[in-house]
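Scroll down for the structure; my scribbles are underneath it.
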Amino acid sequence: MFYELTIVVPTLNEVGNIELLCNKIARALKEISWEIIFVDDNSTDGTKELLTHISNKHEHVSAIHRTDRKGLSSACIEGMLASKAPIVAVMDADLQHDEGLLPLMLAEFSTTSLDIAVASRFAAGAELGAFSAKRALLSNIGNFLSRLVIKVQLTDPLSGFFMLRTDVLKRLSQRLYGKGFKILLDIFASSNKPLNFVEVPLKFSTRHSGESKLDGTIALEFVGLLCHKLFGKIIPLRFILFCLVGLTGVGVHLMVLSSFHLFINTEFVWSQTIATYTAMTSNYFLNNSFTYRDKKLQGKRLIIGLLTFYLVCSAAAVLNVAFANLLYQSNIHWVIAGTAGAFIGAVLNYGLSSMFTWRKSKHI
Ligand SMILES: Nc1nc2c(ncn2[C@@H]2O[C@H](COP(=O)(O)OP(=O)(O)O)[C@@H](O)[C@H]2O)c(=O)[nH]1
Ligand SMILES: [Mg+2]
């Protein structure tokens, strides 16, 4: 059987959504030959049994059952690699993603040399629905950080709803990080050349049934993906130096954080804030002496530089503290939460300070 389109649906405890999703997809794709591949990670709510039942009944529905839970990204990759069609889509099982976009996205591939179509929650015309303030903040931090590792200007690099050429996925499959929740970012960050993409505005709905699987550890996995993509490539010497200075900053940070949090019993969010600003000051002077010694700021410029460094890093620090606090509130140990926050801050510091503090021209 030839299929034009494969829809990969990762599932973890989605029993209340699956039949409805299949019916909706069938209605949306009347003119198209399609298959669905569910990839289930040992659900305990009856999803497994339901998938077996449906795939026995319908030839164009199949299910990959994985016995130990291995995570969303790897589930999507496994499903996509099993595709029999030239084009493959990934979407949530929970009906948050408008299946009506599938034919529109597919049509984009017939007219252009497109690699990938992304249903974006942030493109013009999109709607976020009942997205909580916490989720919106997380998404914005994630989007901002994602720009560090991808070469194209996507409005929603963390979307879970996209469609791409199966060939493109197969070409990239060896280079994918494959862990965590953010497979779209992984795909874009793993491509040597910028992928040719279009964005389609998505009206994001609320989850139909069941619960979101997003939790604190997923934020940590996201940091892992960023590290992998940033440090897995050839790194400019300046960035290596900046990271070494950053490492000393992490030491300073943890020393100050532990002093305040453990010994003085200061509230975590304040301990983290004080630790961040102390590390920032020591990083500035070390970077000025080593990382940017060819652009070393002196005299009046040293003070102005410090002020701009504080300013640009304050933006990073706000994100650092917000991120660390989110992790901390998700019951992640304070050392891990603090370190992850410090890491995010360091990467942002590098990008922003090279733009504003040690600008090219003038100061050399
Ligand atoms: N196979 C598999 N699917 C998962 C896993 N985690 C989440 N999912 C599925 O991935 C999709 C997105 O997860 P969801 O909880 O809706 O995330 P949210 O939309 O960010 O709240 C849903 O269809 C989930 O059932 C996992 O570890 N394995
Ligand atoms: Mg969802």
Inset, instruction - Restricting attention to the stretch 249-289, report how many residues are among the small types (Gly, Ala, Ser) and open to solvent by less than 20 Å² (accessible area, probe 1.4 Å). - result: 4
Legend entry - GLY129 being open to solvent by less than 50 Å² (accessible area, probe 1.4 Å), closer than 21 Å to MET91 by Cβ and not hydroxyl-bearing (Ser, Thr, Tyr): no
Legend entry - Every pair of residues 6+ apart whose Cβ atoms lie under 9 Å, when the first sits in the stretch 58-81 and is closer than 20 Å to SER190 by Cα while the second is of a type in the set (Gly, Ala, Ser) and part of a helix (DSSP H, G or I): ILE77/SER173; MET80/SER173; LEU81/SER173
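Is it the case, given these coordinates, that ARG207 is surrounded by fewer than 18 Cβ atoms within 10 Å (Cβ to Cβ) and either among the aromatic types (Phe, Trp, Tyr) or within 16 Å of ligand 2 (Cβ to nearest atom) (or both)? Outline the logic, then answer.
Numbers: surrounded by fewer than 18 Cβ atoms within 10 Å (Cβ to Cβ): yes; either among the aromatic types (Phe, Trp, Tyr) or within 16 Å of ligand 2 (Cβ to nearest atom) (or both): yes.
Taking the combined requirement at face value, the residue satisfies it.
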Inset, instruction - Would you check if VAL90 is closer than 18 Å to SER212 by Cα and of a type in the set (Val, Ile, Thr)? - result: yes
Inset, instruction - Determine, yes or no, whether VAL88 is closer than 25 Å to ARG165 by Cβ, touching a Cys at 6+ places or on another chain (Cβ under 9 Å) and more than 9 Å from ligand 1 (Cβ to nearest atom). - result: no
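Condition check ((1) within 30 Å of PRO194 (Cα to Cα); (2) away from ligand 1 (no atom under 14 Å from the Cβ); (3) surrounded by fewer than 15 Cβ atoms within 10 Å (Cβ to Cβ)) across all residues:
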site: GLU49; (1), (2), (3): no, yes, yes
site: CYS76; (1), (2), (3): yes, no, no
site: MET105; (1), (2), (3): yes, yes, no
site: ASP115; (1), (2), (3): yes, yes, no
site: ALA119; (1), (2), (3): yes, no, no
Inset, instruction - Check whether at least one residue in the stretch 314-321 is under 16 Å from LYS296 (Cα atoms), crowded, with 19+ Cβ neighbours inside 10 Å and modelled with pLDDT of 85 or more, and report yes or no. - result: no
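Yes or no, residue by residue, for (1) charged (D, E, K, R); (2) open to solvent by 10 Å² or more (accessible area, probe 1.4 Å):
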position	(1), (2)
LEU145	no, no
GLY160	no, yes
ARG171	yes, yes
TYR177	no, yes
LYS182	yes, yes
VAL198	no, yes
THR217	no, yes
LEU226	no, no
LYS229	yes, yes
Inset, instruction - Report whether or not GLU221 is closer than 29 Å to GLN96 by Cα, touching a residue at least 12 places away in the same chain (Cβ under 8 Å), over 17 Å from the mean Cα position of the chain (by Cα) and within 16 Å of ligand 1 (Cβ to nearest atom). - result: no
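The values are calculated or read from the model by the stated rules, or taken from the named source; none is laboratory data. The shown structure was predicted, so the numbers you read here are calculated from the model rather than taken from an experiment. Glycine gets a Cβ as well: all are built from the backbone with ideal geometry, and neighbour counts include every protein chain shown. These accessible areas exclude ligands, DNA and RNA; they are computed on the full protein's heavy atoms, side chains included. Shrake-Rupley method; radii C 1.70, N 1.55, O 1.52, S 1.80 Å.
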